[in-house]
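The values are calculated or read from the model by the stated rules, or taken from the named source; none is laboratory data. Predicted model, so just to flag it, every value in this text is computed and none were measured. With ideal geometry, Cβ positions are generated from the backbone for all residues, glycine too; neighbour counts draw on all protein chains shown. Each accessible area value is taken on the protein alone, full model and side chains, heavy atoms only, with ligands, DNA and RNA left out. Shrake-Rupley method; radii C 1.70, N 1.55, O 1.52, S 1.80 Å.
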Amino acid sequence: MALGYARETPGAHALGPQIDALTEAGVDPGRIYSDAADRVRSADRRAGMNALLDYARAGDTTVVVGIDRLGRNIREVMAITRELAKRRIGLRSLREGIDTDDPTGAMVVGVLASLAELDDPSPTLDSARPLTTASRRPASTVGRPRVLDDEQVLRAEQMRAAGESVPRIAQALGVSRATLYRTLAERRTVR
């Protein structure tokens with residue numbers, strides 16, 4: 001049996017269009033559970049999802065408009081996904097085209113669950129922020145490690161200021177002229 005679930009987000013994801021999409025996908029309107037955004041008590045916040053989980057049996061399929069409708073953050077989405085899998089209840093997401101009854105869909109949900117365990121569980125899925133922690137990490141250098149350390153670069157700059165030629169400086173430091181030119185040019189643009 002197909003069981004629909006819709007979760008409203010203020011100003012972004014109204015219930016009406018979600019319910020229409022679920023109905024068009026073949027879900028009986030009487031089997032669509034929902035959570036409205038105006039619920040203020042935390043106990044009632046997931047009443048629709050809790051009712052769906054109480055009703056669902058092994059072999060049923062939960063249908064959502066988008067995987068992000070399952071929860072407010074990655075932790076909630078993955079907890080519900082794991083609960084459904086544990087109870088052998090399928091999951092179908094219309095937007096992403098994921099269906100856990102299909103081996104590929106089951107694999108995709110498994111990969112998402114694995115990635116979510118590596119990620120910070122706090123990002124909100126309702127926001128436009130990316131779901132990775134890369135934006136919260138300090139920037140790191142991409143590519144090969146630098147050949148010259150800061151002390152060697154300082155020495156090269158001092159030798160250059162003293163009138164030494166680039167080939168001679170490169171030979172003294174044990175690097176190619178191209179490496180030395182590139183390093184000195186990078187230092188000028190950083191300053």
Taking the convex hull of the Cα atoms, report for region 150-190 its projected area averaged over all directions, in nm². 2.5 nm²
Give me the percent of the accessible area of region 2-119 that comes from carbon and sulfur atoms, probe 1.4 Å, all protein chains in place. 53 percent
Carbon plus sulfur, as percent of the 1.4 Å-probe accessible area of region 150-190, comes to 47 percent
Over region 2-119, what is the relative contact order in whole percent, taking alpha-carbon pairs under 8 Å and six or more residues apart? 23 percent
Less than 19 Å from a label point 7 Å out along the Cα-to-Cβ axis of ARG45: which backbone N atoms in region 11-26 qualify, by residue? 11-15
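Evaluate 2.2 N^0.38 Å with N set to the residue count of region 2-119, then give the Cα radius of gyration divided by it.
Values: Rg = 13.4 Å, N = 118, 2.2 N^0.38 = 13.5 Å.
Here the Cα radius of gyration is 0.99 times the empirical estimate.
Quick one: length gained pulling ALA36 to THR23 fully straight, 0.36 nm per residue minus the C-alpha distance?
Contour length minus the Cα-Cα distance gives 2.9 nm.
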Run the numbers for ALA185 and ASP150: contour at 0.36 nm per residue of separation, minus the present Cα-Cα distance, in nm. 11.2 nm
